[in-house]
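Contents: one structure, followed by commentary.
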Amino acid sequence: MIGPEQYPAVMIVVPLLAAFAINLAGLIDRRFCYPLLLLALGVAAAAALAVLGQVMRDGPISYRLGGWPPPMGIEYVVDHLNGLVLVVTCVVAFLAAVYSKRSVERELPDKIPYFYTLFILAVTGLLGMTITGDAFNLYVLMEITALTNYALIAAGRADRAPMASFTYIIIGTIGASFYLLGVGHLYIMTGSLNMADLRTILPELYTTHAVIASFIILLLGLWIKMAFFPLHGWLPNAYTHAPTATGCLIAPLVTKVSVYIMARLMFSVYSPEFSYRVFGPAEPVVWMAVAAIVAGSLMALAQKDFKKMLTYLIVAEVGYMVGGLWLANRYGITGAVLHIVNDALMTLCLFFTAGIVVYKMKGHAFTDLRGLFRKMPLTMAAFTVGALSMIGVPPTAGFFSKWYLLLGAIEAGQWGFMAALLFSSLINAVLFFKVIEIAYFEPCGVQHGHDGGQAAAHDVIAVDEAPFSMLAPLVLVSAALLAIGIYSGSLVTNIIQYAVPAGF
Amino acid sequence: MEDILARYNYWIYVLLMMIGLYAMIAKNNLYKKVIGMSIFQTAIIVFYVSIAAKEGATIPIIQGAHGAGLVPAIDPAVYVNPLPHVLMLTAIVVGVSTLGVALAVILRIYRQYGTVEEDRILEKLR
Amino acid sequence: MIWQIDLIVLALLVPCAMAAIALKDMMSAAITFGAYSFLMCLLWTEMGAVDVAFTEAAVGAGISTVLFIAAVHHSRRRVAKRRVGRIVFKLLGLSAAGAIGIILLWAASDFPEWASPDIPPSRHLSPYYITKTLEDTAVPNIVTSVLADYRGFDTMFETSVIFAAGMAVAMVLRRRRGREERTGRRVENGFARESPIIQTICRLLAPFMQLFALYVVAHGHHSPGGGFQGGVILGASFILLALAYDLDFVLKRLNEKWTLILANVGVLIYASIGALALLLGGNFLDYSVLSRILPATTPVMARSHGMLGVEIGVAITVMAIMVLIYANIASNGKYDKGL
């Protein structure tokens, strides 16, 4: 039957087949879609865990699609780096799917089959991008992810969603096309599309114009996709006005997978020697990352809308990861990879909270947050864990990745980056304490018709917690943030240290 | 002559790409942006197909293989490189898919704002 | 490779592109864009890329133009006069385009000699495909064998992209009739009155188109063609009828539910053939193991048959999605008489 060596294919094929099953089932009855979704994502998550376990035991795995040896055919390669990202993607997608039921029913009741089909196709795209070892296959899957994202964002009833989606279409297509162009330059100089094959052919071509230009173009394309400042223009509007379920899926994942792709190209296609030395000194990129962190944090400070604030924080977090990767030392790269995991979970936690606020209070401005600590204690407790993680307070996960990044910055002598990290922690503290203050101290919002606005802080406000299907994933994520924080050490020694390329 | 033509091919694809990129960024009408997007994508396809071209070669279908019987030894220099063609088939399909989605989103925007000019939409959003 | 045609077509492309962007009347812009696609198709035929040209003719010059016109029909036809200057955007566009252009030209200075059989792409991977395609797969059309077998996984996802696009368009646009929407000034085209000549001819043409499309799918192994091209032509036959009569005419014969079912079935065929290979003990999409269940076939012939199977799946999905996208855009989601 299907043995463990087929699990890499299972991880992709099951969600893909489920997309069609969901669509067909939706023609019969809408209620079949949600269970099918969870089943497929659960199977994918199990396969991802099994594959990661196998990689940890036996080393990198290679899987040949169609039975053709690379470079003739397409190859899947799983090593420690993408094994970890695969597990994170599957788990986050599964939790987002569980969470989505109530919000989708409220926001898009008549489009449930379409929505879930596109949802799981987006997940398939993300998984496929992560697991593939073929540069062109990555492009095809990047486009699946992008197309489904455009539609998932535009689906909302919010009046700002379509324009945000259109801007994303234009900018995202530029990014994906740049990626395709870069791969074309690599192809014309080497004749191959397979990543491992490129790695062996490229070294003698490192100084040619075409290869250097291909690196620049690929980087530009990926920076657009990960919303690296100043190419981030599409992200705040797209993620703020998207429907809740969409935001919870794509905000934690899409930018992180793009960061992973950049790391994969830097390390496995062009070698670290090229990326850091031949291409040019790595400092300019670190300075750009500093700009991203500072700009993202300051713009987050200027927002009056809770969800939009979170999206600017994503821009800052991308700065952390890009800067960490370009610090060119072990601590920096370890911090960046650990931050991929942590940031996915933190963003998920915060977006879950924002989604619950939207569900209960019908809005996501700061004024909608008033008095929530009394109304939804569990939700806000979980939110607090996420907030502490963003600030970087031990023992939450955020502290440890920041710690590695700081060590890396010190070792590389990048004082600007170190200052930016500390500055961003400070800003995050200000932001989240502001939110917590509004949610804890101010009286509950006007929806509950107090007389003459005389509500005092000690009025009895009924506890109206979030529904279970939304609350359970949120609590799980915040628990995971604590667990990963506490076990960061073993995560690094068992997995991440093998993901860092040799020689650092 | 072939030498100038070689460079000419590359110049034109870059020029087309720049036209498309300019249109995507600078044009006000949303449809024009989408046309620019298509021009941009087809320029990349010209690039890839140019990689595949071979002097004096024929289309990549093995000659004489239609009927039963032995085929003589196949010389790769006689046939054009098929791999970029395959990649570009995918690129064309992806391009038309993005076009379809973009047009649908434009219609949705029009339904909402009654205009497809970016500056007027941004005014209404303020 | 006739360099004179190359030169002329390349020279015509640039004015066409600039015109498509600059024209103030969107219908003219759409038609000019169709002409641009057609010139591209000529260019690629001349460069030997027949499958690509075929697809571009069907998809780019055909479907894209129709979709554009259908979309413009439901919104404004003329580009509005700009009230405020967009100097910032224009400068940004020029500088971005200029910078990228310079980088690309700098890169191109290093490219290997064009059209020589000695460049890395022609030396490294493709000789294997060219010399071994008959031996491995018994399919003379190398593009088909690479597309459907060696890199068949890519093609499966490409079909999923088309599927996702159809779902996306349906989700974004579809709404039930009855809700009023704000309409802008729509140009009533006086020449779209029903013409019996057009209707009769289209009605006569449609079955031949479909027959040709089936031929293209089936004969894709030996001549330019394959699943995509055939599927697009099949879809185009329906769209042609919808244009000649109205959308209702087509929907009576192929209603919304069936387009959705067919769209799913097509890609399901593709993925199921792959999954079948998995269950039979091979890797995903390894057609050679199908010889265990197909009667009297060698593994090589099983690859050929597997390819035909997936091409059929692709054709079904592409046809259904083309009709779906057209129906949604032409009727603005309402599935009424449409264009």
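One table, with the values for the structure above:
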| quantity | calculated |
| --- | --- |
| Number of the condition not met by residue C:75 [criteria: (1) within 30 Å of residue C:229 (Cβ to Cβ); (2) of a type in the set (S, T, N, Q); (3) within 7 Å of chain B (Cβ to nearest Cβ)] | (1) |
| Condition check for residue C:70: within 9 Å of chain B (Cβ to nearest Cβ) and in a helix (DSSP H, G or I) | yes |
| Out of B:99, B:89, B:107, sole residue that is modelled with pLDDT of 90 or more, under 20 Å from residue C:140 (Cα atoms) and in contact with a Ser or Thr (Cβ under 7 Å, 6 or more places away or on another chain) | B:89 |
| Criterion (more than 7 Å from every other protein chain (Cβ to nearest Cβ), touching a helix residue (DSSP H, G or I) at 6+ places or on another chain (Cβ under 8 Å) and buried (at least 24 other Cβ atoms within 10 Å of the Cβ)) met by exactly one of B:101, B:96, B:105, B:34 | B:34 |
| Residue within the range A:74-82 that is part of a loop (DSSP other than H, G, I, E, B), in contact with a strand residue (DSSP E or B) (Cβ under 8 Å, 6 or more places away or on another chain) and within 11 Å of chain C (Cβ to nearest Cβ) present | yes |
| Residues located in the range C:6-18, provided they are more than 13 Å from residue C:40 (Cβ to Cβ) and surrounded by fewer than 16 Cβ atoms within 10 Å (Cβ to Cβ) | C:8, C:11, C:15 |
| Residue that is farthest from the chain's Cα centre (by Cα) [pool: residues in the range C:115-126 that are more than 10 Å from chain A (Cβ to nearest Cβ) and surrounded by fewer than 20 Cβ atoms within 10 Å (Cβ to Cβ)] | C:118 |
| Residue B:52 surrounded by fewer than 24 Cβ atoms within 10 Å (Cβ to Cβ), closer than 23 Å to residue C:225 by Cβ, out of contact with any Asp or Glu (no Cβ under 7 Å at 6 or more places or on another chain) and facing chain C (nearest Cβ under 7 Å) | no |
| Flag if residue B:110 is within 30 Å of residue C:135 (Cβ to Cβ), touching a Lys or Arg at 6+ places or on another chain (Cβ under 8 Å) and within 7 Å of another protein chain (Cβ to nearest Cβ) | no |
| Residues of the range A:456-475 classified as surrounded by fewer than 21 Cβ atoms within 10 Å (Cβ to Cβ) and either in contact with a helix residue (DSSP H, G or I) (Cβ under 8 Å, 6 or more places away or on another chain) or at pLDDT 90 or above (or both), total | 11 |
| The range A:186-243, residues that are out of contact with any His (no Cβ under 9 Å at 6 or more places or on another chain), among the polar types (S, T, N, Q) and assigned to a helix (DSSP H, G or I) | A:200, A:237 |
| Residue in the range A:19-35 that is surrounded by the fewest Cβ atoms within 10 Å (Cβ to Cβ), counting only those that are in contact (Cβ under 8 Å) with a residue 24 or more places away in the chain and under 17 Å from residue A:101 (Cα atoms) | A:30 |
| Criterion: more than 18 Å from residue A:344 (Cα to Cα), over 18 Å from the mean Cα position of the chain (by Cα) and either among the β-branched types (Val, Ile, Thr) or modelled with pLDDT of 90 or more (or both) - qualifying residue of A:268, A:214 | A:214 |
| Some residue of the range C:169-177 being more than 7 Å from chain A (Cβ to nearest Cβ) and modelled with pLDDT of 85 or more | yes |
| Test: residue in the range B:6-14 that is facing chain C (nearest Cβ under 7 Å) and at pLDDT 90 or above | yes |
| Filter result for residue A:151 (facing another protein chain (nearest Cβ under 9 Å) and in a helix (DSSP H, G or I)) | yes |
| Number of positions in the range B:41-86 that are at pLDDT 85 or above, out of contact with any strand residue (DSSP E or B) (no Cβ under 9 Å at 6 or more places or on another chain) and of a type in the set (Val, Ile, Thr) | 7 |
| Filter result (crowded, with 16+ Cβ neighbours inside 10 Å and over 23 Å from residue A:24 (Cα atoms)) within the range C:239-260 | C:239, C:240, C:241, C:242, C:243, C:244, C:245, C:246, C:247, C:249 |
| Residue match in the range A:218-226 (condition: within 16 Å of residue A:279 (Cα to Cα), among the basic types (Lys, Arg) and more than 9 Å from every other protein chain (Cβ to nearest Cβ)) | no |
| Filter pass, residue C:134 being over 26 Å from the mean Cα position of the chain (by Cα), more than 12 Å from chain A (Cβ to nearest Cβ) and over 30 Å from residue C:322 (Cβ atoms) | yes |
| Yes/no for residue A:52 being under 22 Å from residue A:498 (Cβ atoms), at pLDDT 90 or above, in contact with a helix residue (DSSP H, G or I) (Cβ under 9 Å, 6 or more places away or on another chain) and not hydroxyl-bearing (Ser, Thr, Tyr) | yes |
| Hey, residue A:179 farther than 23 Å from residue A:126 by Cα and buried (at least 24 other Cβ atoms within 10 Å of the Cβ) or not | no |
| One residue from C:217, C:265 being at pLDDT 85 or above, aliphatic (A, V, I, L, M), in a helix (DSSP H, G or I) and buried (at least 22 other Cβ atoms within 10 Å of the Cβ) | C:217 |
| Residue in the range A:87-104 that is within 14 Å of another protein chain (Cβ to nearest Cβ), assigned to a helix (DSSP H, G or I) and closer than 30 Å to residue A:360 by Cβ present | yes |
| Residue count, the range C:8-28 (criterion: assigned to a helix (DSSP H, G or I) and either at the interface with chain B (Cβ under 10 Å from one of its Cβ atoms) or among the acidic types (Asp, Glu) (or both)) | 12 |
| Residue in the range A:55-67 that is assigned to a helix (DSSP H, G or I) and of a type in the set (S, T, N, Q) present | no |
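Rundown of residues vs (1) within 21 Å of residue C:15 (Cβ to Cβ); (2) not aliphatic (A, V, I, L, M), yes/no style:
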position	(1), (2)
C:38	yes, yes
C:52	no, no
C:78	no, yes
C:87	no, no
C:96	no, no
C:120	no, yes
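This table checks each residue for (1) more than 8 Å from chain A (Cβ to nearest Cβ); (2) under 21 Å from the mean Cα position of the chain (by Cα).
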position: C:252; (1), (2): yes, no
position: C:270; (1), (2): yes, yes
position: C:287; (1), (2): no, no
position: C:308; (1), (2): yes, yes
position: C:313; (1), (2): yes, yes
position: C:322; (1), (2): yes, yes
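The values are calculated or read from the model by the stated rules, or taken from the named source; none is laboratory data. From a predicted model like this one, the values you see are computed outputs, not experimental measurements. Cβ: placed from backbone, ideal geometry, glycine included. Neighbour counts: every protein chain shown.
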